[in-house]
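Following: one structure in structure tokens, then a few remarks.
A short reminder: the numbers here are calculations on the coordinates, not readings from a lab. What you see is a predicted model; the values in this text were computed from it and never measured. Note: ideal-geometry Cβ built from the backbone for every residue, glycine included; neighbour counts use all protein chains shown.
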2 protein chains.
Amino acid sequence: MTTSNSPQPHLDLKAPPPLPAGGLRVMALGGLGEIGRNMAVLEFDGQLLVIDCGVLFPEAEQPGVDLILPDFGVIEHRLEDIAAVVLTHGHEDHIGAVPYLLRLRADIPLVGSRFTLALVKAKLREHRIDPVLVEVAAGDDHLAGPFHCEFISVNHSIPDALAVAVHTPAGTLVHTGDFKMDQLPLDGVLTDLGAFARLGFEGIDLLLSDSTNAEVPGFVTSERTIGPVLDSVFERASQRLIVSSFASHVHRIQQVLDCAAEHGRKVALVGRSMVRNMGVAQDLGLLRVAPGLMVKLDEATAMPPEQVVLVSTGSQGEPLSALGRMARGEHHQVTIEAGDTIILASSLVPGNETAVYKVINGLARLGATVVHKETARVHVSGHAPAGELRTLLNVAKPRYLMPVHGEWRHLRAHAALAQETGMSRDRILLAEDGVVVDLVDGKASIVGSVPIGNVYVDGLNVGDVGEESLQARRILGDEGFVALTVVIEPSTRTIVRPVHLSTRGFSDDPAAFTEALVLVEAELKRALAADDQIDAHRLSQVIRRTVGKWVSDTYRRRPMIIPTVLEV
Amino acid sequence: MTTSNSPQPHLDLKAPPPLPAGGLRVMALGGLGEIGRNMAVLEFDGQLLVIDCGVLFPEAEQPGVDLILPDFGVIEHRLEDIAAVVLTHGHEDHIGAVPYLLRLRADIPLVGSRFTLALVKAKLREHRIDPVLVEVAAGDDHLAGPFHCEFISVNHSIPDALAVAVHTPAGTLVHTGDFKMDQLPLDGVLTDLGAFARLGFEGIDLLLSDSTNAEVPGFVTSERTIGPVLDSVFERASQRLIVSSFASHVHRIQQVLDCAAEHGRKVALVGRSMVRNMGVAQDLGLLRVAPGLMVKLDEATAMPPEQVVLVSTGSQGEPLSALGRMARGEHHQVTIEAGDTIILASSLVPGNETAVYKVINGLARLGATVVHKETARVHVSGHAPAGELRTLLNVAKPRYLMPVHGEWRHLRAHAALAQETGMSRDRILLAEDGVVVDLVDGKASIVGSVPIGNVYVDGLNVGDVGEESLQARRILGDEGFVALTVVIEPSTRTIVRPVHLSTRGFSDDPAAFTEALVLVEAELKRALAADDQIDAHRLSQVIRRTVGKWVSDTYRRRPMIIPTVLEV
């Protein structure tokens, strides 16, 4: 529960003043007020440091959009000032927008861990961009312009995640990236509380910390606890087993592989990103694969079902994924049989519920047993809940906190946790995208804000679909349209061609507008007879008004009305 | 977790044979394979008994649709055969489609409890239908044609809910309606296990039982436990309090009223259905309101914020609800202030997640503290989870079970629970909408199925929006459209009027199709020159093909293309 004592948001901020000399400026171009497109920009002495550059996946309100990017508008005239982009880990909401930033300037150095850089490199290859990569590891230092970066290992739902401390003459900023505090991580890589404590002792002026699970009480359950649950499901499965998970969750997949080996089953990977990422993970020694364990999918489908496990993408209900096709009986290689077992060893990302349940219901209808996080403990979150966020605050003892990575409910809950640990409310900076925080003379404060828009990727284009198109899509998608075209002869003031009707998405009844057409013709004739001068615009309004009123009275609906008056 | 031993669904069923003499037929027109539009039809000796007649709320795949009705197609030629409609309780997914059924035949008797009938009567008044009502209470008998109905009290998230036992010469069918087994219900009305045991002793041939929470382990927490949680939130609230809940959840609202009285706050109801339903509940003695507790909304807004509680609709994130408007700062009477407390004392209906979180985030952004079911125990479900479903099966000992009210995942999970209690798999009838179950000579079996469609209500019309319109809406909503109109003179084979372009929802760039227009003109001229005969259809195809290829190559998108060729 959030408390009522949280500081107020600053909803009516003005443009920020120039950054005072010796000050450090922080602003998010994405990730504050939303889960996704994380991107923080730091400025010191005329130079910029970017931390993460991710994408946001659209919701129902952004129909037809493929991706939403951070708004680069604030920095696109200052691309040469960017000293580096630090990538904390390889999830899409942290690296997905890198290709779009590098389209603007390809040689911005990308700083990150081995696995993070391997994933971003594979992504950039698809965009035909050859990046400048700077590999770092926990404990390393890296100087990017005036930003002295120090990297700290953190534990998350992808290997090789890092937090970053940025030392500048203005003070020290620490950005946690995404993290949790699994005390028994599969790879032994812990969130380095010692490093946070040392930094806290040296003095953290401003902490930017992951708020995703701030509303969730307690502490994480270890990733390690999933193994025994998988084992019990494997134990009971007498036919085919399919496990679906995020394609970057190396430790989850590792446990599936271990369980498969234990139960004498071979493993086939299904889905392009699964094959690619696990290949990378294996090459880097992050995924241990027993010799002979892996088989190709066509080998797996030829084997007795009780001897294989398929590891598949599609855990978020994506209709075109392998699992989505299987659930509809449309996968060309895998047919679900009654008695098969499917495990969704994954989170349920908000907004995907309907799609995921559709897949589960499709599989259940075909007779499969579906095990998912609401029926068994086959998933643990990658983000620190309340207990761990308090722990970090108590260890790091920051002078100021800026909750990041979250919708307003998460940011506000994080602020409440900080107050519980004794931080005073004026030291908690509740900002949303575009809000500018300056650290000057050891004091951090909100000094203004710049407008941050949603930048939409739709097909090959970035930015041409905006609010106008989306508003039209929302109306068209709910109500359909009716287009009425009339050809008139201006000199004789006559209708040359009767009104032509074209309608889609309004009704399955082809005669739905028959009555309206008669009305429109009559109104047009009246207007043509009455007016001294032919005015196509006025005639269009006659059509719009006549049809609009008729359709509202007759159907109580509001389709988009597109009148066209052509003069010949 | 569902087990792998569940019976297979019957996916390729034929039309059912005629019902043998002396047999009882059961078929669902809605509610099996989905949560909502519950409607079961029983047939014996040429007569029909309907149990419930509810609506389903549309998902993203049914854009613009207001409601989905059960498919009356199977019974609309047999309306005179309907002996009665039994309504188990007053939720929309059980009574919402009654007006549409009564539009076909207004004098079908509606049988239900006092509160259920009061709610359905208020609904029918809006449709200007004066129904034939038959009020019954738990323990009552009612003979509707050959169906001897006996009513049993059950506990649910609305008062006055009933299960029904239908005795026929073919055997006894028991339908639970929606139920749970709160052992400390606020009004003392328990699910009558004694009655179920007696019926079981006498012999239940076929049990139709609520599957909604079959995947959820354990037993319900009592509704009564919410009171102390509300109390603790009220205790800490120093400003305005707003509680949002379902407008029919009398016991939840009762606890809010009691808590308000305890804390010396007045209560104002906000939202049309909240005011109406609580009025009905108070009239029937189901809601106890202390004298002087209630005030009107305009009185409440004039009082000091710490002295009032607003009880509002909008708990499912409905954008037009009172709470939705407050969250956007658009409510004309209530302005959210930093420090206000809002409690969403309600479930989160699947599919509404994004809308609900949007409201929560809007409120959080304005500085309010939002308490919801994921941050505090302010909601308990109204449906029996696994432990209670097992209990009912063990008490009622039905010969056959037909899980109802659920998506496939719920039906299958319910089947698995029944097997755990010792029912053999051939006694569990896993059916979806339209599947026909006959009880003949004490043996129940699936004998066929009839197609059941989705019947959409959109505005004033029922049924004119079908799959064709929805498919068009989905394309238009994702991609927009481009309409190209050309006027030609057939005799001279010339273009009289250059191609007119009209596009919406494709791009915010007004020049998005400039290049395509040039191409289209050229292609049209070529076609006109080449063809001996002018063919508007062929010219339309030229336009469609030219623009389709161009837009796919240029944008990698697929807007709807609407070519129109007019001849003058």
(message) If the only charges are +1 at each Lys and Arg Cβ and -1 at each Asp and Glu Cβ, what is the size of the charge dipole of the range A:471-535 around the Cα centre, to the nearest 20 debye?
(response) 180 debye
(message) If R₀ is 45 angstrom, what is the calculated FRET efficiency for the pair A:Leu193 and B:Ser238, using the beta carbon separation as r and rounding to 0.05?
(response) 0.80
(message) Please compute, for peptide A:479-485, the average count of beta-carbon atoms on other protein chains lying within 10 Å of each residue's beta-carbon.
(response) 6
(request) Kindly give Rg over Rh for the protein assembly as shown, based on alpha-carbon atoms, with the Kirkwood expression for the hydrodynamic radius. (result) 0.98
(message) If you take every DSSP beta bridge fully contained in the range B:467-567, what fraction is antiparallel? Give it as a percent rounded to 5.
(response) 50 percent
(request) Evaluate E = 1/(1 + (r/R0)^6) for B:Met303 and B:Asp426, where r is the Cβ-Cβ distance and R0 equals 60 Å; express this FRET efficiency to the nearest 0.05. (result) 0.40
(request) Mind checking the range B:282-353 for trypsin sites (Lys or Arg not before Pro) that DSSP puts in a loop (not H, G, I, E or B) and that have at most 16 other Cβ atoms within 10 Å? (result) B:Arg288, B:Lys296, B:Arg328
(request) Would you pull out the residues with amide H under 5 Å of A:Val134's amide H, same chain only if 5 or more places away, H placed 1.01 Å from N? (result) A:Leu110, A:Val111, A:Gly112
(request) Could you go through the range B:487-495 in sequence order and give the Karplus-derived ³J(HN,Hα) for each residue, using 6.51 cos²θ - 1.76 cosθ + 1.60 with θ = phi - 60°, rounded to whole Hz, and x for Gly and Pro? (result) 10, 10, 10, x, 5, 8, 6, 10, 7
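Using helices alone, what [θ] at 222 nm do you get for chain A, with -39,500 (n - 2.57) per DSSP H run of 4 or more residues, divided over all residues and rounded to the nearest 500? Each step should come with its number before you reach the end.
Numbers: 15 runs with 169 residues, N = 568.
Taken over chain A, the calculation gives -9000 deg cm²/dmol.
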(request) Round to the nearest 0.05 the FRET efficiency obtained for A:Phe201 and B:Glu330 when R0 = 51 Å and r is the Cβ-Cβ distance. (result) 0.55
(request) Could you tell me which of B:Ala260, B:Pro291, B:Ser347 has its Cα farthest along the dipole of the range B:227-371 towards the positive end, charges placed at Cβ (Lys, Arg +1; Asp, Glu -1), taken about the Cα centre? (result) B:Ser347
(request) Treat each spin label as a single point 7 Å out from the Cα along the C-beta direction, and report the A:Arg497 to A:Ala530 distance in nm. (result) 2.7 nm
(request) Please report, to two decimal places, log10 I(q)/I(0) for the range A:156-215 at q = 0.13, 0.24, 0.30 Å⁻¹ as given by the Debye formula with identical point scatterers on the Cα atoms and no solvent. (result) -0.37, -1.07, -1.32
(message) What does the copy distance list look like for B:Gly145, label position 7 Å along Cα→Cβ, in nm and ordered from shortest?
(response) 8.0
(message) Using a 7 Å offset from Cα along the direction of the beta-carbon, what are the separations from A:Lys525 to the same position in each other copy, nm, ascending?
(response) 3.9
(request) Could you work out the Rg to Rh ratio of the range A:358-468, with Rh taken as the Kirkwood radius (inverse of the mean 1/r over all Cα pairs)? (result) 1.15
(message) Closest beta-carbon to the B-to-A rotation axis: which chain B residue owns it, and what is the separation in whole Å?
(response) B:Gly477, 1
(request) Choose one of A:Ser273, A:Phe201, A:Val164: the residue whose Cα lies farthest towards the positive end of the charge dipole of the range A:129-274 (beta-carbon charges +1 Lys, Arg; -1 Asp, Glu; about the Cα centre). (result) A:Ser273
(request) With only Lys, Arg, Asp and Glu charged, each at its Cβ (+1 for the first two, -1 for the last two), find how big the charge dipole of the protein assembly as shown is about the Cα centre; round to the nearest 20 debye. (result) 40 debye
(request) Could you calculate the contour length gain from A:Arg272 to A:Ser552, that is, 0.36 nm times the residue separation minus the distance between their Cα atoms, to one decimal place in nm? (result) 95.9 nm
(request) Classify the range B:113-178 as rounded, prolate or oblate from the Cα gyration tensor: take a ≥ b ≥ c as the square roots of its eigenvalues, call it rounded if a/c is under 1.5, otherwise prolate when a/b beats b/c and oblate if not. (result) oblate
(message) With a cap of 16 neighbouring Cβ atoms within 10 Å, and only residues DSSP puts in a loop, list the trypsin sites (Lys or Arg not before Pro) found in the range A:471-533.
(response) A:Arg493
(request) Express the C-alpha Rg of the range A:223-371 as a ratio against the empirical globular expectation 2.2 N^0.38 Å, rounded to two decimals. (result) 0.95
(request) List the residues whose amide H sits under 5 Å from the amide H of B:Val311, counting only those 5 or more places along or on another chain, with H placed 1.01 Å from N in the peptide plane. (result) B:Val243, B:Ala268, B:Leu269, B:Val270
(request) Taking a label point 7 Å out from Cα toward Cβ, give me the nm distances from A:Asp283 to the same spot in the other copies, shortest first, one decimal. (result) 7.4
(request) Run the numbers on chain B and let me know its relative contact order in percent, using alpha-carbon pairs under 8 Å that are six or more apart. (result) 16 percent
(request) Note the direction-averaged projected area, equal to a quarter of the hull surface, for the Cα convex hull of chain B, in nm². (result) 31.9 nm²
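Let me spell out the model: positive unit charges on the Cβ of Lys and Arg, negative unit charges on the Cβ of Asp and Glu, origin at the Cα centre of the range B:227-371. What dipole size does that give, in debye rounded to 20?
The calculation lands at about 240 debye.
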(request) Decide, for the range A:467-567, between rounded, prolate and oblate: order the square roots of the alpha carbon gyration tensor eigenvalues as a ≥ b ≥ c, take rounded if a/c falls under 1.5, and otherwise choose prolate if a/b is larger than b/c, else oblate. (result) prolate
(request) Tell me the trypsin sites (Lys or Arg not before Pro) within the range A:84-119 that lie in a loop according to DSSP and have at most 16 other beta-carbon atoms within 10 Å. (result) A:Arg105
(request) Return a whole-number percent for the relative contact order of the range B:467-567, with Cα pairs under 8 Å and 6 or more residues apart as the contact set. (result) 38 percent
(request) In square nanometres and to one decimal, what's the mean projected area of the convex hull around the Cα atoms of the range B:308-400? (result) 8.2 nm²
